[in-house]
Every structure is written in structure tokens, then in C-alpha cells.
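What follows is a single structure, written as C-alpha cells, with notes after it.
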Amino acid sequence: MAGSASNTVKLVIITPYKKFFEGDVTSVVITTVDGQMGFMAGHPPVIVALRPGVSHLVQEGRTKYFTLSEGYCDISGDLIKIICNTAEYPEELSPRRTCQSYTEAYEALEKAKKIEDRAAREVLVKEFEQAMARARARRHLLELYGSDHQKERIAILVKEYGWKDIV
């Protein structure tokens with residue numbers, strides 16, 4: 001059982017498709033709409049909104065890096081619960097798919113900006129901007145914490161796709 005006596009807190013990360021992580025951790029750092037935030041055992045209750053970004057947790061002295069997408073984090077007592085659309089470790093990511101998804105979202109965004117219906121345009125623009133943010137977070141994770149092969153591939157593919165911006 002997690003608790004401040006052991007200096008750990010239970011962390012649960014859930015997506016619509018799977019329980020990404022469940023276990024006792026020393027700390028977790030996530031990307032929120034207000035920037036990076038870290039949480040440990042004994043943190044006061046809070047709910048924060050997530051934005052796509054690189055996150056990490058520390059468990060038994062080992063750091064695990066991953067991306068989280070849109071969602072929220074609820075800290076209460078000895079439990080940190082993260083509910084988000086996607087959560088991925090570097091080894092689960094494809095450098096090519098990361099670049100393709102960014103390019104597809106960018107092209108769709110440019111088309112969406114030309115839609116005359118204001119309400120429809122706003123919804124689509126936000127959707128494609130979020131897709132681009134998820135791709136940026138994946139790229140950043142691969143560049144920092146991917147395998148040597150992933151780092152080499154993402155560097156080549158970023159040039160191939162003409163993708164310059166980053167998180």
C-alpha cells in the first residue's frame with residue numbers, strides 16, 4: 001500500500017484503450033496547461049488539465065519517460081489518477097508514423113482554417129492543433145529518450161518531412 005511512511009504514492013494512468021500504468025511511485029512529473037508540474041506523496045488535493053508533453057515517473061529509483069496527451073490529473077490522498085486520451089513509452093512509437101501524423105495534421109489544419117462556418121472551423125482547428133501537439137510530444141520523447149535507432153531515424157525523417165518546429 002502506498003503512503004507517506006514509505007514515501008510513495010499510488011499512480012494510475014488510464015487511457016480509453018488501456019490501463020497504461022498502475023503502481024507505487026516516488027514522484028511523477030507531467031505537462032499541464034500551466035507547464036510542468038511534479039507530484040509526490042503527501043501533495044495537497046488538486047485537479048489539473050493536461051496538455052500533450054513528455055512526462056516521467058520515478059519508481060524504485062528508476063525513471064520511466066513517456067508522453068501523455070489531453071486529459072486531466074486528479075491528486076487526492078495517496079492516489080494520483082491520470083485520465084488521458086493517449087499515453088506512450090518511447091519503445092511504442094514509430095519515428096515515421098510520428099512525422100506522418102504531424103504532416104497530416106498540419107495539412108488538415110491549413111484546410112480547416114479556410115472553412116467558412118465559424119463554429120465548425122474553430123472545432124476543427126482545435127482538433128488539428130491538438131493532433132500536432134501530440135506529434136510534437138512524441139518527437140520530443142523520441143529525440144530525448146528513444147533508442148539510438150529511433151533517435152537516428154527521427155533526425156533523418158524530420159529533415160525528410162521538412163518539420164522544423166518542436167515543443
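Values in this text are rule-based calculations from the coordinates and carry no lab data. The shown structure was predicted, so the numbers you read here are calculated from the model rather than taken from an experiment. Using ideal geometry, Cβ is built from the backbone for each residue, glycine included, and neighbour counts are taken over all protein chains shown.
Details
- The calculated pair-distance distribution of region 90-161 uses every alpha carbon pair, bins of 10 angstrom beginning at 0, and gives 22, 43, 22, 12, 2 percent.
- Among the chymotrypsin sites (Phe, Trp or Tyr not before Pro) in region 8-113, those located in a DSSP loop and surrounded by at most 14 other Cβ atoms within 10 Å of their own Cβ are 17.
- Close amide H contacts of residue 86 (hydrogens built in the peptide plane, cut-off under 5 Å, sequence separation of 5 or more or a different chain): 69, 70.
- Sorted by Cβ density within 10 Å, fewest first, the residues 40, 132: 40, 132
- Per-selection Rg to Rh, region 9-88 - Cα, Kirkwood hydrodynamic radius: 0.91
- Near the amide H of residue 55, within less than 5 Å, lie the amide hydrogens of 66, 67, 68, all on another chain or at least 5 residues away, with H placed in the peptide plane.
- Magnitude of the charge dipole, region 90-161, Cβ model with Lys/Arg +1 and Asp/Glu -1, debye to 20: 120 debye
- Hydrodynamic radius of the chain by the Kirkwood approach over all distinct alpha-carbon pairs: 16.9 Å.
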